[in-house]
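The values are calculated or read from the model by the stated rules, or taken from the named source; none is laboratory data. If you're wondering where the values come from, they're calculated on a predicted model, not measured in any experiment. Neighbour counts are summed over all protein chains in view; Cβ atoms, including those assigned to glycine, are modelled from backbone coordinates with ideal geometry.
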Amino acid sequence: MTADFQSKDFQSKTGARVELLPLARFTTLGVGGEAEVWFVSNHEQLAEAMAQPYRILGGGSNLVIADAGVPERVIRLSGPLAERDLTPDPELSGGDGIVTGWVGGGVPLPGLVRALQKLGYSNLEGTVGIPAQVGGAVWMNAGTRYGEMFDGLHTLEIATPDGLKVVTPDDLRWGYRDSGIPRNHIVTRVRLKLQRTAPEDVLARMTLADTARKGQPKMKTPGCAFKNPGGVGAGRLIDEAGLKGTRVGNALIAPEHANFIVNLGGATAADVHALLDLIRERVGVPLELEYELWPGEADRSATPVAASQWAAEPE
């Protein structure tokens with residue numbers, strides 16, 4: 001591909017902006033090859049983007065993308081789907097309990113948590129410090145020992161291949177780091193279920209949760225690599241296997257916390273996968289990945305988006 005071709009972008013039939021971009025720029029780990037990225041700002045654009053094979057990319061945490069990129073379209077929520085309305089809905093709110101207006105799936109979670117604290121709204125302070133967007137955080141029920149996303153959800157709007165659905169948490173089989181939402185569904189908007197609390201009390205809880213994260217590495221990382229098996233810390237098991245500080249290429253098992261893999265600068269997805277394989281081989285119990293892998297566990301390479309495929313898209 002030429003430099004001119006790589007910088008080319010266009011608008012889809014419904015007005016979505018489409019570009020061929022390196023996915024590394026959208027991830028907290030900083031690895032990942034190119035893909036066709038659709039920036040969609042309304043449901044019509046989203047439906048068009050979902051008409052071909054697609055993936056949804058939010059804050060880019062908890063994600064390791066192949067060095068070759070992915071062949072599918074990559075959808076990013078923008079515009080109104082990345083805006084928030086925290087005004088209490090008078091018909092759904094009562095007493096100290098409030099239900100907000102719609103919060104877009106593309107809203108950054110850290111900024112949302114800070115805004116809720118200033119308003120004196122609690123239930124999501126346990127998610128402080130998670131570098132995600134709301135949609136992705138809901139999809140995996142992101143959280144810490146102090147709380148998770150489903151603590152503060154009232155209603156979810158989900159885009160499916162068959163259209164939009166509005167559900168409540170009671171409609172889903174959610175649990176630890178799992179929403180029960182199918183992989184090919186997209187959380188477009190949510191209404192939050194919150195409690196009125198003194199802002200200083202919300203801040204105190206946020207500080208408690210944030211303090212517990214102080215031992216985590218500050219370099220580029222997707223977050224925790226593995227779920228804790230049977231209540232035992234995965235980081236502890238990796239440390240006991242003697243792997244803390246192990247390096248492959250420019251990827252490192254963090255000295256601060258063994259359940260984190262960090263990018264020292266210029267790491268590749270192949271480096272990260274090599275460390276994940278080593279951990280699984282050396283730790284004496286089965287470990288379940290907390291990372292999302294693109295294109296997937298079974299296929300760690302993907303065909304890059306071809307110039308002919310890119311050029312064939314309608315202007």
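A few remarks follow.
- Within the range 67-123, the set of residues being over 21 Å from residue 136 (Cα atoms), of a type in the set (Gly, Ala, Ser), in contact (Cβ under 8 Å) with a residue 24 or more places away in the chain and not in a loop (DSSP other than H, G, I, E, B) comprises 97 only.
- Matching option when the condition is touching an Asp or Glu at 6+ places or on another chain (Cβ under 6 Å), modelled with pLDDT of 95 or more and assigned by TED's automatic domain parsing to the domain that holds residue 153, among 248, 202: 202
- Criterion (surrounded by 23 or more Cβ atoms within 10 Å (Cβ to Cβ) and among the aromatic types (Phe, Trp, Tyr)) met by exactly one of 146, 121: 121
- Consider the range 205-231 and keep the residues that are aliphatic (A, V, I, L, M) and at pLDDT 90 or above. The one that is farthest from the chain's Cα centre (by Cα) is 208.
- Counting the residues of the range 251-291 that are touching a helix residue (DSSP H, G or I) at 6+ places or on another chain (Cβ under 6 Å), of a type outside the set (A, V, I, L, M, F, W, C) and without any contact (Cβ under 8 Å) to a residue 40 or more places away in the chain gives 1.
- Strands (runs of 3 or more DSSP E) completely within the range 1-66 that count 3 or more residues being at pLDDT below 95 and surrounded by 20 or more Cβ atoms within 10 Å (Cβ to Cβ): none
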